[in-house]
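Here's the structure we're looking at; comments come further down.
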Amino acid sequence: MSHYDVIIIGTGAGGGTLLSALAPTGKSILVLERGDFVKRELENWSSKAVNVDGRYQAKEQWSDGDGKPLHPHTNYYVGGNTKFYGAALFRLRREDFGEVRHHGGVSPAWPVSYEDMEPWYLAAERLYSVHGTRGEDPTDPPSSGPYPAAAVSHEPRIQHLAEDFQQNGLRPFHVPLGIMLREDAPGRSKCIRCGSCDGFPCLVQAKADSHVVCVEPALERPNVTLRTNAKVRRLLTDASGRRVTRVVLEPNNGGPPEEISGDVVVVACGAINSAALLLRSANEKHPNGLGNSSDVVGRHYMGHVNSVLLAVSKCPNPTIFQKTLGVNDFYFASKEWDYPMGHISFVGKLDGVALSAGAPALAPGFTLDLMAKHSLDFWLTSEDLPDPENRVRVDRDGNVVLQYRPNNEEAHRRLRATLQKYMNRQRRCAMHGDSCHVGLFARSLYIGERIPLAGVAHQNGTVRFGRDPKSSALDVNCRMHEVDNLYVVDGSFFPSSAAVNPALTIMANALRVGSHLKERLA
């Protein structure tokens, strides 16, 4: 049986970033990825292949809480979901680490402060080449250093919108983006500001994903081994239940299961699959799932309340790289409402092919292609609150069951209505006057499924960390309270979801845990 100093299960925002931190130690590290490398092919940039055919989506079926089939919008590849993310890399707000009162309930405080996380945010921003400008965002938390690269500029239609928002009293800002762009030297830039970034794998590898930024550089070291197409079925412990002794891989091609041992085992499969793995690993010492005497493993699943909204106007939107503008004026309580509403930004520019996958209501006189050419494509996020009944379970065969009921929905309804109000205040169009703006149309991103259930890109919260073993599964270093050599470093550890993309916080936390592990391994 092969033995390693460290075994990392997963190569996404958590696992890949942790690998980057530990690879220089010289310790023997095995990285297990259930998928393979994304094949570099023209279909990487095909809207039909990505949005309609689901070429890169996991061919996997889960169940919802009612036992109905659920086809998750997730990806199993080296780099995890970062291969397909839009690379918006936000810090949580300083206030997000404390208790926040919402219309739908209370978002709990974290066991660490923003100040504890801040140095690791800065390190993660540098690792992932984040472009941005400090202080533009009115909710921006303090930072000990600048962004490593200048903010990505707006194209004319987005700049026009930013100026309109400013004239109406809002404070729009440039979204922090992890892309390898050189606007000062376009001929030397890996990123070409294409229209196939958000939701697509980058054909020219210019997106700062964990495969490109972390895994590939680590593989140049002789102490690092990557195994692809290696799905972990369960974890086995010693007789005391206090240490993981073996990692069991699912058999390939009908062969027997393979077992591997490691001094330290790190689970980074994503909040849903990490919880499922721990639940599948139940044994005599851990009858409710590995490290789950608190009964929190799998519970408190969060994924945000998200919407994609198209603002259609009679004037065209020729923008190619759209995802550069954000609005956080309603992130906390504001003059509009006494409670937080959430975050407004953009998805990548949609085309008619992408819209056909969601089939929105048509604006009068518009085809899907025409709507796409005339739309501003907004992404709206509101915080969902941790509910123990929103949970991951496994069925008798070990398959994922995802049970989720959205909450804090009034905040999201108000966020949408507020966006519509400010869109109706746009400058009078020289050609169409006040009738230029046609309206907001919702798009269902996932065929036959609501975004909060099938759309699991923002998954978090299923193996929460804390200081009390009775109410948390992980300690503040993301080590399981009950299993000394087992860590979890994906979005599972979140006690609350905030209302921005969780990716940068997962990356920063992986670097923080990496620092702890380096001391442990020394």
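We did not get these values from a lab; they are worked out from the coordinates using the rules stated. What you are looking at is a predicted structure, and each value in this text was computed from that prediction instead of being measured. Counting neighbours? That spans all protein chains shown, and the Cβs are built from the backbone with ideal geometry, glycine included.
For segment 11-46, filtering for residues that are closer than 15 Å to Val265 by Cβ and among the small types (Gly, Ala, Ser) leaves 3. Listed by position, the strands (runs of 3 or more DSSP E) inside segment 361-418 whose residues that are more than 25 Å from Pro72 (Cα to Cα) number at least 1 are 375-382. Arg299 meets each of the listed conditions (1) basic (Lys, Arg); (2) under 25 Å from Thr11 (Cβ atoms); (3) crowded, with 22+ Cβ neighbours inside 10 Å apart from (2). As for segment 157-165, it holds at least one residue that is of a type in the set (Val, Ile, Thr) and in contact with a strand residue (DSSP E or B) (Cβ under 7 Å, 6 or more places away or on another chain). Take the conditions (1) within 14 Å of the chain's Cα centre (by Cα); (2) surrounded by fewer than 23 Cβ atoms within 10 Å (Cβ to Cβ); Asn460 misses just one of them, which is (2).
Checking the stated criteria, Asp96 turns out to be touching an Asp or Glu at 6+ places or on another chain (Cβ under 9 Å) and not aromatic (Phe, Trp, Tyr).
Within segment 144-173, the set of residues being touching a Ser or Thr at 6+ places or on another chain (Cβ under 8 Å) and assigned to a loop (DSSP other than H, G, I, E, B) comprises Tyr147, Pro148, Ala150, Ala151, Val152, Ser153, His154, Glu155. Tell me yes or no: at least one residue of segment 255-273 is without any contact (Cβ under 8 Å) to a residue 24 or more places away in the chain, farther than 23 Å from Val78 by Cβ and in a strand (DSSP E or B). No, there is no match, as no residue in segment 255-273 is without any contact (Cβ under 8 Å) to a residue 24 or more places away in the chain, farther than 23 Å from Val78 by Cβ and in a strand (DSSP E or B).
Scanning segment 191-244 for residues that are in a loop (DSSP other than H, G, I, E, B), of a type in the set (D, E, K, R) and out of contact with any Asp or Glu (no Cβ under 7 Å at 6 or more places or on another chain) yields Arg193, Asp198, Asp209, Glu220, Arg221, Asp238.
The set of residues in segment 487-500 being buried (at least 24 other Cβ atoms within 10 Å of the Cβ) and either assigned to a loop (DSSP other than H, G, I, E, B) or in contact (Cβ under 8 Å) with a residue 40 or more places away in the chain (or both) consists of Tyr487, Val488, Val489, Asp490, Gly491, Ser492, Phe494, Ser496, Ser497, Ala498, Ala499, Val500.
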